[in-house]
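For reference, the structure is listed below as structure tokens.
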There are 2 protein chains.
Amino acid sequence: MPDAADPAPMTARRKFRREGEERRRQDLIEATLDCVAEYGLQGATLRTIALRAGVTAGLIRHYFPGKEELLQGAYTALVGRMTEQAKAALVMEEASPRQRLAAFVTANLSAPIIDQRVFSLWATFIGRAGADPTLARAHREGYLGFRNEVEAVVAEVLAAEQREPDASQLRRHAIAINAIIDGLWIEGCLAGEMFSPGELAAIGIKAVEAELGLAPLKQDPEK
Amino acid sequence: MPDAADPAPMTARRKFRREGEERRRQDLIEATLDCVAEYGLQGATLRTIALRAGVTAGLIRHYFPGKEELLQGAYTALVGRMTEQAKAALVMEEASPRQRLAAFVTANLSAPIIDQRVFSLWATFIGRAGADPTLARAHREGYLGFRNEVEAVVAEVLAAEQREPDASQLRRHAIAINAIIDGLWIEGCLAGEMFSPGELAAIGIKAVEAELGLAPLKQDPEK
DNA sequence: GGCCTTGTTGCGCAAGTGTATAAATAGCCT
DNA sequence: AGGCTATTTATACACTTGCGCAACAAGGCC
């Protein structure tokens, strides 16, 4: 009785809630992306990630075999979201091919695709592509998927203009248009304040139409 | 005599050579860039860098107050080299503005500017621009410098064609052309094998000429 | 040649890292 | 209500990290 003194836990054990497995995984991945975007790969430690997710570090190992798998999961989620958003701008039915192309360019050069956080994540991960074949392949697949979408719309646009480009020309157009969008996307993410709202999209549309040899729609042709 | 036993250094102290200050700094910065490109920011530890540079880790502190300054120095050196190389393609005298523009595009889309290592470095550092104002400013300055160069050549090209674009048009052209070059540069660095030699340059030149509304030089106009 | 400066090494340290594992408790099932 | 189990916490551990410091020696100077 008297001997077993009061356990007197000086520090109470932390309260916690049990969450569904999928929910926790998503939370952890989101916290990982937050940390990578904010502190870089070196600053994204398990403890920081756990803190951001509102759990303790040990829990991560319950959902991921190790840090590497967590990062891979985070990158996969990021790429998935990016390509999904980019392609979403193409689904508008009942619009002329040209309108769809313009809408596609505009969507890819406006919020939420123009976003500094996403750019930071993209750059941080893609910077490792040279050393990590997994990343390199993931980029390649995403890039080709995106380019094929572009190529499909371009084909529609040119068909509507009674032009019949061969496969080689189509490929070149798609590569060039993809580059235009990528280049403007980067600048918009890195220094958005340098451009007035809608300016990047306008520049992009003009450049794309020039690449395809399309006459401007409304304005008088050049000066 | 007998007491002070043989010091008997089991391991001999490492031999070394004294190098000039500037030489050592450059070596250390180069080793840093190597490590960052190969292992990322997290893998670029003082010990790894020192090993690559052929010195011991402690020496780094003799030349840089801390790791952060070393990384800043490395990034500064990288940016300097990149812009220097990019601009070097413009110095050719005795060439028509159009030839200079084409040469500029070609140079920026060929080796050594198309280079996976440099791209990895660029991406790794620029990914931190969102969180590090120093990096953001460095990028901004480099970008504007590059864009101004582009704008100057564009002005020359259009002047030679008897066209008189206003400042706003010139700005838009420069932004678009810069984006074209950047976008193609990225693809060339990330997946160079996907393009035949000179293909990116050819696509870039065509896209730039389309953006400026220039008729192709040799071939019959379009198809 | 011997000294003196200082570039350079070698080692130690506290903080932080990813991983491993035991102890606790939240919440479902009966 | 009470037990079971899987989720979650907490702690330990081996290792690495950036940094500080004292000893050492390379190479110029007299």
remark   = Residues of segment A:55-75 being under 26 Å from the mean Cα position of the chain (by Cα), within 9 Å of DNA strand C (Cβ to nearest atom) and either touching a residue at least 40 places away in the same chain (Cβ under 8 Å) or loosely packed, with under 12 Cβ neighbours inside 10 Å (or both), in sequence order, are A:65, A:66, A:68, A:70
Which listed residue is under 25 Å from the mean Cα position of the chain (by Cα), outside the structural domain of residue B:145 (by TED's automatic domain parsing) and open to solvent by 40 Å² or more (accessible area, probe 1.4 Å), from B:21, B:93 = B:21
Those residues of segment B:182-213 which are more than 9 Å from chain A (Cβ to nearest Cβ) and surrounded by 24 or more Cβ atoms within 10 Å (Cβ to Cβ), in sequence order = B:188, B:208
task = Mind listing whichever residues of segment A:103-133 are among the hydrophobic types (A, V, I, L, M, F, W, C) and facing chain B (nearest Cβ under 9 Å)?
result = A:119, A:121, A:122, A:123, A:125, A:126, A:129, A:131
note = The residue from B:158, B:184, B:170 that alone is in contact (Cβ under 8 Å) with a residue 60 or more places away in the chain and aliphatic (A, V, I, L, M) is B:184
note = Taking segment A:134-160 and keeping only residues that are more than 12 Å from chain B (Cβ to nearest Cβ) and either of a type outside the set (A, V, I, L, M) or at positive phi (or both), one is left with A:134, A:145, A:148, A:149, A:151, A:156
ask   = Looking at this structure, is residue B:88 within 15 Å of DNA strand D (Cβ to nearest atom) and out of contact with any strand residue (DSSP E or B) (no Cβ under 9 Å at 6 or more places or on another chain)?
value = no
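Residue under question is residue B:52, and the condition is that it be among the basic types (Lys, Arg) and within 16 Å of DNA strand C (Cβ to nearest atom); does it hold?
The answer is yes for residue B:52.
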inquiry  = Taking the condition of being within 9 Å of DNA strand D (Cβ to nearest atom) and more than 25 Å from residue B:127 (Cα to Cα), how many residues in segment B:39-59 meet it?
reply    = 4
inquiry  = Here is a list: A:137, A:147, A:171, A:163. Which entry is basic (Lys, Arg), more than 29 Å from residue B:39 (Cα to Cα) and surrounded by fewer than 16 Cβ atoms within 10 Å (Cβ to Cβ)?
reply    = A:163
ask   = Which one of the conditions (1) at pLDDT 95 or above; (2) more than 13 Å from DNA strand D (Cβ to nearest atom); (3) among the aliphatic types (A, V, I, L, M) does residue B:36 fail to meet, given that it meets all the rest?
value = (2)
note = All-but-one check, residue A:30 against (1) within 13 Å of DNA strand C (Cβ to nearest atom); (2) open to solvent by 50 Å² or more (accessible area, probe 1.4 Å); (3) of a type outside the set (Ser, Thr, Tyr), failing number (1)
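So that you can scan it fast, the table gives a plain yes or no per residue for (1) of a type in the set (A, V, I, L, M); (2) in contact (Cβ under 8 Å) with a residue 24 or more places away in the chain; (3) out of contact with any strand residue (DSSP E or B) (no Cβ under 8 Å at 6 or more places or on another chain); (4) open to solvent by less than 20 Å² (accessible area, probe 1.4 Å):
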| site | (1), (2), (3), (4) |
| --- | --- |
| B:53 | yes, yes, yes, no |
| B:77 | yes, yes, yes, no |
| B:84 | no, no, yes, no |
| B:106 | no, yes, yes, no |
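The values are calculated or read from the model by the stated rules, or taken from the named source; none is laboratory data. Computed from a predicted structure; not experimentally measured. Using ideal geometry, Cβ is built from the backbone for each residue, glycine included, and neighbour counts are taken over all protein chains shown. Each accessible area value is taken on the protein alone, full model and side chains, heavy atoms only, with ligands, DNA and RNA left out. Shrake-Rupley method; radii C 1.70, N 1.55, O 1.52, S 1.80 Å.
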